[in-house]
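**Q** Attaching a single structure in structure tokens format; questions to follow.
The values are calculated or read from the model by the stated rules, or taken from the named source; none is laboratory data. Values in this document were obtained by computation on a predicted structure and should not be read as measured data. Note that each Cβ is placed from the backbone with ideal geometry, even for glycine, and that neighbours are counted across all protein chains shown. Side chains included, ligands, DNA and RNA excluded: accessible areas come from the protein's heavy atoms. Shrake-Rupley method; radii C 1.70, N 1.55, O 1.52, S 1.80 Å.
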Amino acid sequence: MASFLEGIRKIETKWQKRWDEKKIFVGKVDHSKPKYFVTVPYPYASGTLHIGHCRTYNLGDLFTRYKRQRGFNVMWPMAYHITGTPVLSVSAKIKEKDEKEWKKYRDYVSIYESDEKKVEEIVGSFVEPMNVAMYFSGKLMEDFKRMGFSIDDTREFTTGDPEYNKFIEWQYKILNEKGYITKGEYPILWCTNCKNAVGEDDIYAGDETKVEVSEFVGIKFKLKNKNTFLVAATFRPETIFGATNVWINPENKYCEIKIDDENWIVSSEAVSKLKNQHHKIEITREFKGRELFDQEVEVPLTGVVIPIYPATFVDTDHATGVVYSVPGHAPYDYAALVDLQKNEELIKKYSLDESKLKSIIPISLIKLDGYGEFPAVEIYEKMGVQSQEDIEKLEKATQTIYKEEFYSGVMKSNTGEFNSLKVEEAKVAVAKKLKELNLASNVYEVSTKAKCRCGGKIIAAVIEDQYFLNYGNKKWKELAFKALNNMKIVPEKYRQAFENVFNWLDKRPCVRKRGLGTEFPITKGKGWIIESLSDSVIYMAFYTIIKTIKESKIKPEQLKPILFDHIFLSNHDVETVSKETSISVDTINAMKSEFEYWYPNDLRHTAIAHISNHLSFTIFHHVAIFQEKYWPQMFSLNEMLNREGEKMGKSKGNVIPIAKIPEKYSVDLTRLHLASIATQESVVDWREVEVNHSKEKLRKFWEFAIMVEKSEKIDPQSYSFISKIVLASVKRNMKLAIDAMERFNPRDYILSGFFDNIRELENYLKLSSNSNEKEVQSVIKETVENMIILMAPVIPHICEEIYERYGNTGFVSLQKIEDIILTEEDTQLALQLKFLTNLMKDIEQVMKLVKSEPKKMIIYIAPQWKNELYKLAKDSFAEEAFNIGKIMSLVKNHETLNKYMKNIADEAKLMMKDPTIFRISMLTPDEQLNAIQGYIKIINKKYPEITVETYISDTKDVFDPQNKARKARPMKPAILLL
RNA sequence: GCGGGGAUUGCCGAGCGGUCAAAGGCGCUGGACUUAGGAUCCAGUCCUUAGUGGUUCGAGAGUUCGAAUCUCUCUCCCCGCACCA
């Protein structure tokens, strides 16, 4: 068993070497053939790929190889993505001696290196980000080749190459000229220590807790008789109508600040946050919260004057550290109010006006079904909250009330113009109104307190000069939809997802201050880098010219915008471009013609995860930059892969790296199994026991091929009936396979073209065991010869080997898969096989049921008039319901059927019961008889003790002792065992 | 929450208006071959029966001559939700 796979592995490396030597997968312009340009997104070069990624690239290769064998001039190039933050983060962690990261990278590198010292050395070199990128990009190509992928490796580049940077600069120059880039403010996560934006990678334990920026509405409560505002941050501005007082943490520090020409009071911690949120701030004075308790504030919009009270639940390190109290609808507020009202000590300590405090009662402003006036009070009592320190219960209560009020609450009449609005709407409307009146402004805060890997505190900061790709631009969106509507999406069901993404897409930040990448050309020198998802959307075009750039030794600085304008947009005349760039006219023409030959991208295949970003951006950027004829033509997508029912993950230790596939399974086996186990749109489960099955079938195929290696084929004219029907079935399977692949369904391609045909051969071997040996071998050889061409896209190595052993030169990978046209005879033979298969099933069934040991089998074929009756019924009741009255009257006027009125009445009852029985393809009684006679040897072989007689029911001398013959139906003979 | 996809016979997984009791695989049960077999081969695997019957495709309702397939409602599961590749 092992030896089979060992043999296959040798074959695999043998052919990979030959493909490489003969460079058969290098894309060359050839105007005599239709071209087909395939891409699969380049992998990110920060680690190795595993069998899950392999599924995607495997499908890409399948499509590529198939199209190549269908007569297209195909190109599938590959490059490596290194821009962005992950590579940086790897290096940072390696530098920090992060044990987990070291282990992870030792594991990665150990896949390729056996020497432990060398592994250490290589991982150590990863302190330099480029070393990470360079090491893995090299390994990725090795892996791809080892999987037999038919990639054109002469067009490799990385997204960090200076040539690529020039191309991306040009892309952004065009986008800017078209007005698709806008500038504005943007809140982000920011580390106060390293003074930098942070991403998930930079946050301590960022992969476990999700940290986001939350947008609060900071509502300004004017201090009575002063020109200073106490700014309370809230998610629920609509509750302003229920404010009864303001909460302040009594012992923590607050500051009075001058902020953008206003005076605010916020917590001391809030000041440093606001400084990073695009405000000009000066601290006027600093004091303890308790100093505010002798003052009062005005509630915006209502003008009501309310007091300021102490509450310990107020966290001064959260938003502004000021909270306004809505005890009717906020459980925390109610809890704090109750606490304070009964706390004589505190009242005395802060010299609060006791009668005023005790007179405070909740205000109801939202109507919520299932609750009374004050939902917060109800839930407080129901949950048995003890105090404002009872955080667990209060959190839950707040969540519940917030959610219910948000979705089902309606504003009451005491909310003025917002009366009877849904809370969901009122929330937005109130915030808008407050901002218009300059009574509120946005305050940003992190959703969860977090620390940067450097140890610094993470806050929400507002970036001023943030540039965005304005996907919300109406014209841009329209063009994108136009492109999408003309594209083929496979599986088609994902089109809807694209449409939703398109509608939802709006401004997207496209530059950042960190990470590897291309400097943003509009703000040269200011350290803005183009964000890495935004720099990888039109690079398919770059594949068409990078080869010439390298071969002609063009320097990056020669790659001026004018050159790209000329190649991609046909602007400027070539002489001018040549003069400006010092690149020869011939070279420029060569680049331009490569682009014009290969573009557009005919097929881009990838995983569905990319729909909401990469693939959508690809469409947007293409329509923004290129002429319509260069827009993407088709996307095909696949789901992910699990292993033994579980997601693969480093922590589970169940990852199969691509590099381990050849030795663990074999390349062809993996390719076959990956593509056939499920359709693209389902999550596949990689299970060892099932891989084993694919292995056995692969072996079977190999054995068939080798069995007839030296055999000669004989004249097909002399083939027996059995051979003919088997070959007709094989042919039909091949046709089904090709039809499936034309619909980009590789699974059905393999099921019909490989597994079904192997079954056909196994069956044939059984049926033909006493036939002419030469004939049998000839039939098998003919089938295998067809199969190796058809299956070469899936299991190319084995197919090449067999192709060679059968005396061919050249590569089966370049053999054309021809169209298959089924002739009348093929259809007839296939129908006969179907007829016989069903008959055998019926016989088996009856044989099982019969109690005695039969000596004789009589098969009664239905008479011709029944065929005619079925045909009449099929034609007459294609659309309408079967109807006995109608069929009888049709029969009455029928020149042949009218003789059988009585019998037909019985038959019609059957047809009434099951209208499907007459919707079949039929053979005439004589054809059925011939088929049975051609098959009689098989029946005899299976039941050697039984003699078989066959009759057409209405002929003379029918032996019918049990009156069975009348039960025969077209294609369904009656059977009698005696 | 929003958006998308899904639920098929013990399990995985096809089918997407009529040869559908529903491919194929796995598992299981018999049998053959064997020193042995976790290898291979054969047969069986909803119930019933000398066959061409009955009940099934998450639950319920509907459309149709006909529904696993179309529509609606419900329940449950998976995936995506922006500065992250």
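**Q** Condition (residue is small (Gly, Ala, Ser) and under 20 Å from residue A:828 (Cα atoms)) applied to the stretch A:879-889: is it met by at least one residue?
**A** No, the conditions are met nowhere in the stretch A:879-889.
**Q** Which residue out of A:761, A:765 is surrounded by fewer than 18 Cβ atoms within 10 Å (Cβ to Cβ), assigned to a helix (DSSP H, G or I), within 16 Å of RNA strand B (Cβ to nearest atom) and among the aliphatic types (A, V, I, L, M)?
**A** It is A:765.
**Q** When the residues of the stretch A:947-978 are narrowed to those that are within 9 Å of RNA strand B (Cβ to nearest atom), open to solvent by 40 Å² or more (accessible area, probe 1.4 Å) and touching a residue at least 40 places away in the same chain (Cβ under 8 Å), which ends up farthest from residue A:832 (Cα to Cα)?
**A** Only one residue tops the list, namely A:978.
**Q** Give A:822, A:829 a once-over and let me know the one that is more than 9 Å from RNA strand B (Cβ to nearest atom) and part of a loop (DSSP other than H, G, I, E, B).
**A** The conditions single out A:822.
**Q** Let me ask something additional. For the stretch A:877-915, which residues satisfy the criterion of being small (Gly, Ala, Ser) and either within 12 Å of RNA strand B (Cβ to nearest atom) or open to solvent by 70 Å² or more (accessible area, probe 1.4 Å) (or both)?
**A** Correct list: A:878, A:881.
**Q** Oh, and also: Condition first: outside any loop (DSSP other than H, G, I, E, B) and either over 58 Å from the mean Cα position of the chain (by Cα) or within 13 Å of residue A:859 (Cβ to Cβ) (or both). Now tell me which residues in the stretch A:941-968 satisfy that.
**A** A:947, A:948, A:949, A:950, A:951, A:952, A:965, A:967
**Q** Name the single residue, out of those in the stretch A:200-242 being under 12 Å from residue A:460 (Cα atoms) and of a type outside the set (D, E, K, R), that is farthest from RNA strand B (Cβ to nearest atom).
**A** The residue in question is A:216.
**Q** If you scan the stretch A:280-300, which residues turn out to be over 15 Å from residue A:229 (Cβ atoms) and open to solvent by less than 20 Å² (accessible area, probe 1.4 Å)?
**A** A:287, A:289
**Q** Now, a different point. What about residue A:245, is it more than 16 Å from RNA strand B (Cβ to nearest atom) and either touching an Asp or Glu at 6+ places or on another chain (Cβ under 9 Å) or polar (S, T, N, Q) (or both)?
**A** Spelling it out, residue A:245 is indeed more than 16 Å from RNA strand B (Cβ to nearest atom) and either touching an Asp or Glu at 6+ places or on another chain (Cβ under 9 Å) or polar (S, T, N, Q) (or both).
The rows are residues; the columns are (1) within 16 Å of RNA strand B (Cβ to nearest atom); (2) without any contact (Cβ under 8 Å) to a residue 40 or more places away in the chain; (3) open to solvent by 20 Å² or more (accessible area, probe 1.4 Å).
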position	(1), (2), (3)
A:159	yes, no, no
A:162	no, no, yes
A:166	no, no, yes
A:190	yes, no, yes
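Matching residues to (1) touching a residue at least 24 places away in the same chain (Cβ under 8 Å); (2) out of contact with any helix residue (DSSP H, G or I) (no Cβ under 9 Å at 6 or more places or on another chain); (3) surrounded by fewer than 23 Cβ atoms within 10 Å (Cβ to Cβ):
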residue	(1), (2), (3)
A:233	yes, no, no
A:242	yes, no, no
A:270	yes, yes, no
A:278	yes, yes, yes
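**Q** If the Cβ limit is 7 Å and pairs must be 6+ apart or interchain, which residue in the stretch A:61-90 that is among the charged types (D, E, K, R) pairs with which residue that is in a helix (DSSP H, G or I)?
**A** Cβ pairs passing all conditions: A:65/A:796; A:65/A:813.
**Q** Please pick out the residue among A:780, A:843, A:750, A:817 that is of a type outside the set (Phe, Trp, Tyr), open to solvent by less than 10 Å² (accessible area, probe 1.4 Å) and touching a strand residue (DSSP E or B) at 6+ places or on another chain (Cβ under 9 Å).
**A** Answer to the check: A:843.
**Q** When the stretch A:235-264 is examined, which residues are found to be under 24 Å from residue A:339 (Cα atoms), not basic (Lys, Arg) and not in a strand (DSSP E or B)?
**A** Hits for the stretch A:235-264 are A:235, A:239, A:240, A:241, A:242, A:243, A:244, A:249, A:250, A:251, A:252.
**Q** Here's something else I'd like to know. If residue A:934 satisfies all but one of (1) in contact (Cβ under 8 Å) with a residue 40 or more places away in the chain; (2) small (Gly, Ala, Ser); (3) out of contact with any helix residue (DSSP H, G or I) (no Cβ under 6 Å at 6 or more places or on another chain), what's the number of the condition it fails?
**A** (3)
**Q** For the stretch A:768-777, which residues satisfy the criterion of being open to solvent by less than 20 Å² (accessible area, probe 1.4 Å) and without any contact (Cβ under 8 Å) to a residue 60 or more places away in the chain?
**A** Within the stretch A:768-777, A:768, A:776 qualify.
**Q** So, one more: Report yes if some residue within the stretch A:173-181 is open to solvent by less than 50 Å² (accessible area, probe 1.4 Å), of a type in the set (A, V, I, L, M), within 16 Å of RNA strand B (Cβ to nearest atom) and farther than 30 Å from residue A:364 by Cβ; otherwise report no.
**A** Yes, that holds for at least one residue.
**Q** In the stretch A:916-940, what residues are within 13 Å of RNA strand B (Cβ to nearest atom) and farther than 16 Å from residue A:835 by Cα?
**A** A:916
**Q** Note down all Cβ pairs under 7 Å where the first residue falls in the stretch A:822-845 and is touching a residue at least 24 places away in the same chain (Cβ under 8 Å), the second is open to solvent by 50 Å² or more (accessible area, probe 1.4 Å) and near RNA strand B (Cβ under 10 Å from one of its atoms), and they're at least six residues apart or on different chains.
**A** Sorted first by the residue in the stretch A:822-845, then by its partner, the pairs are A:831/A:921.
**Q** Could you check the stretch A:849-869 and list, in sequence order, the residues that are more than 10 Å from RNA strand B (Cβ to nearest atom) and either among the aromatic types (Phe, Trp, Tyr) or more than 19 Å from residue A:907 (Cβ to Cβ) (or both)?
**A** If the condition is that a residue be more than 10 Å from RNA strand B (Cβ to nearest atom) and either among the aromatic types (Phe, Trp, Tyr) or more than 19 Å from residue A:907 (Cβ to Cβ) (or both), then A:853, A:855, A:865 are the ones that fit.
**Q** Here is a follow-up. With the checklist (1) touching a residue at least 60 places away in the same chain (Cβ under 8 Å); (2) open to solvent by 10 Å² or more (accessible area, probe 1.4 Å); (3) within 13 Å of RNA strand B (Cβ to nearest atom); (4) not acidic (Asp, Glu) in hand, flag the one item residue A:657 doesn't pass.
**A** So the condition that residue A:657 fails would be (3).
**Q** Got at least one residue in the stretch A:605-623 being buried (at least 21 other Cβ atoms within 10 Å of the Cβ), more than 27 Å from residue A:742 (Cβ to Cβ) and more than 16 Å from RNA strand B (Cβ to nearest atom)?
**A** The answer is yes, given that some residue of the stretch A:605-623 is buried (at least 21 other Cβ atoms within 10 Å of the Cβ), more than 27 Å from residue A:742 (Cβ to Cβ) and more than 16 Å from RNA strand B (Cβ to nearest atom).
**Q** So, one more: Tell me whether the stretch A:301-315 contains one or more residues that are within 50 Å of the chain's Cα centre (by Cα), surrounded by 19 or more Cβ atoms within 10 Å (Cβ to Cβ) and in a strand (DSSP E or B).
**A** No: zero hits.
**Q** For the stretch A:624-654, name all the residues that are within 16 Å of RNA strand B (Cβ to nearest atom), of a type in the set (Lys, Arg) and surrounded by fewer than 20 Cβ atoms within 10 Å (Cβ to Cβ).
**A** A:647, A:650, A:652
**Q** Mind checking which pairs have a first residue in the stretch A:670-689 that is under 21 Å from residue A:659 (Cα atoms) and a second that is within 8 Å of RNA strand B (Cβ to nearest atom) and assigned to a loop (DSSP other than H, G, I, E, B), Cβ under 7 Å, 6 or more apart or different chains?
**A** From the stretch A:670-689, the pairs are A:684/A:677; A:684/A:678; A:685/A:645.
**Q** Here's another thing I want to ask about it. Restricting to the stretch A:674-708, give me the number of residues that are within 8 Å of RNA strand B (Cβ to nearest atom), β-branched (Val, Ile, Thr) and more than 18 Å from the chain's Cα centre (by Cα).
**A** 1
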